[in-house]
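Inspection log for the structure reproduced underneath, given as structure tokens.
The values are calculated or read from the model by the stated rules, or taken from the named source; none is laboratory data. This one's a predicted model, so the numbers in the text were calculated from it and none came from an experiment. When we count neighbours, we look across all protein chains shown, and the Cβ atoms used for this are built from the backbone with ideal geometry, even at glycine. Heads up: the accessible areas ignore ligands, DNA and RNA and are worked out on the full protein's heavy atoms, side chains in. Shrake-Rupley method; radii C 1.70, N 1.55, O 1.52, S 1.80 Å.
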Amino acid sequence: MREIDFIKGVDLSFVDEVETEGGIYYEDGKPVDVIELLHRSGVNAVRLRLWHTPSGGYCDLNRTIQMAKRVKKHNMHFLLDFHYSDYWADPGKQIKPKAWEALSFDALVAEVRSYTEDVLLAFDKEDVLPDMVQIGNEITNGMLWEEGKIYKEENGKKIEEWDSILALVQAGLEGVRAVSDKVETMIHIDRGGDNEGSRKFYDHIEESNLTYDVIGLSYYPWWHGPYEDFEHNLIDIANRYQKKINVVEVAYPWTIPDEIPQVDEAPDIRENLVQGYPATPVGQKEYLTKLMATVKNVPNNLGHGIYYWEPCWIPSKEEWSVGHENNWSHLTLFDYEGNKLEGLDAFKKI
């Protein structure tokens, strides 16, 4: 497995769709292989999401294996992100794959284990076994709902139920270990700036004695709070759990369009920029440089790295396989026409 002291990563899950349907990336006005450009610009790791049976076709097993081959061609670290869903999985939705809807809970646990193992065997057969695996995506509120939902309502009363989510995560971890004990494992939530929420979740993980390698957090200032809270949370959970920490989803705007696309009921991004870092190509670069330095300076060398979420999702077409328009193109590291922005140069500075 590829080992890296500090991960400077990107999530490239939309690149397949962009390129397959006509999108082009440019450097100095010339078309480029975007993965080669990213690697040359200092990126050393790539994250790819995996959906079970996506209706749009992209991010399924076969296409993700092909993307992984391109990543490995450049000797970059590869993180596979299991959503355990046919569609987006995040704190607001964790919809189990349609193929698993009729399973009992025990059968669901067994399926998570066997599916995880089978997927990794398929990657291994093509000589692109991931270096690290995410067991679920932003599972703050559970995964594979309703069975794996943490916060529920029964008989008019709100309850918390942790046993099911812990059993499902354990099944995923066992599926990884059945293939290789060298593949690192990550458990990922979204609470980058929320110390109370982070501690509550990982306290339960610790009490369950699950064996995993990396804490994964998402941090977007407009969702997850002030930058100072983010810095405090990194230091506290590093000291508390003594685990490597990866901020596995980050982004920052290079522009603010007149009409800001709505993304999951996010607060107004204009009111939640980090002070001193305007929404310009230079501001984006300086913010990303600051962010990586913050993570790298986490105590005891536990700052494992970052992944920029979808830096290449340019607006190259109107309708996307995910069933909605591109609402992210003001947060990419390429402009609307696919030209490289200054923000990408931050990866060379750390």
Which value, in Å² and to the nearest 10, is the accessible area of Trp145 when all protein chains are kept and the probe is 1.4 Å?
40 Å²
Dividing the alpha-carbon radius of gyration of the range 1-131 by 2.2 N^0.38 Å, where N counts its residues, gives 1.15
Calculate how large, on average over all directions, the projected area of the Cα convex hull of the range 161-221 is; give the answer in nm² to one decimal.
4.5 nm²
Could you give the accessible area per residue of the range 188-229, probe 1.4 Å, as a whole number in Å²?
38 Å²
Which angle between 0 and 90 degrees, to the nearest 10, do you get for helix 61-73 versus the longest principal axis of the chain when only C-alpha atoms count?
50 degrees
To check my understanding: the extent here is largest minus smallest coordinate of the Cα atoms along each principal axis. What are those three numbers for the range 105-254, in Å, largest first?
45, 44, 32
Largest-first semi-axes in Å of the equivalent ellipsoid built from the Cα gyration tensor of the range 80-161 are 27, 14, 10
Overall dimensions of the range 187-251 by Cα: Rg and Dmax, Å
11.0, 33
Would you check the accessible area of Asp345, probe 1.4 Å, heavy atoms only, in square angstrom rounded to 10?
40 Å²
In this structure, among Lys69/Lys244; Lys98/Lys152; Lys93/Lys290, pairs with alpha-carbon gaps over 23 Å are Lys69/Lys244; Lys93/Lys290
Computed label-point distance, nm, for sites Ile350 and Ile4 using a 7 Å Cα→Cβ extension:
1.0 nm
Please compute the Cα-Cα pair-distance distribution of the range 256-350 with 5 Å bins starting at 0, giving whole percents from short to long.
2, 12, 19, 23, 20, 14, 7, 3, 1, 0
Out of all Cα-Cα pairs in the range 29-84, roughly what percent, to the nearest whole number, are more than 13 Å apart?
61 percent
Hull volume per residue for the range 165-296, using the convex hull of the C-alpha atoms, in Å³ is 133 Å³
Calculate for the chain the 222 nm mean residue ellipticity that helices alone would give, adding -39,500 (n - 2.57) per DSSP H run of length 4 or more and normalising by residue count, nearest 500 deg cm²/dmol.
-10000 deg cm²/dmol
Eligible aspartates and glutamates near Lys296 by straight Cα distance, threshold 14 Å, same-chain separation 8 or greater
Asp5, Glu231
For a Förster distance of 35 Å, can you work out the FRET efficiency between the beta-carbons of Ala107 and Glu153, rounded to the nearest 0.05?
0.90
Computed on alpha carbon atoms, what radius of gyration and Dmax characterise the chain, expressed in Å?
19.2, 62
Once both labels are modelled 7 Å past Cα along the beta-carbon direction, what's the Glu319-Lys296 spacing in nm?
4.5 nm
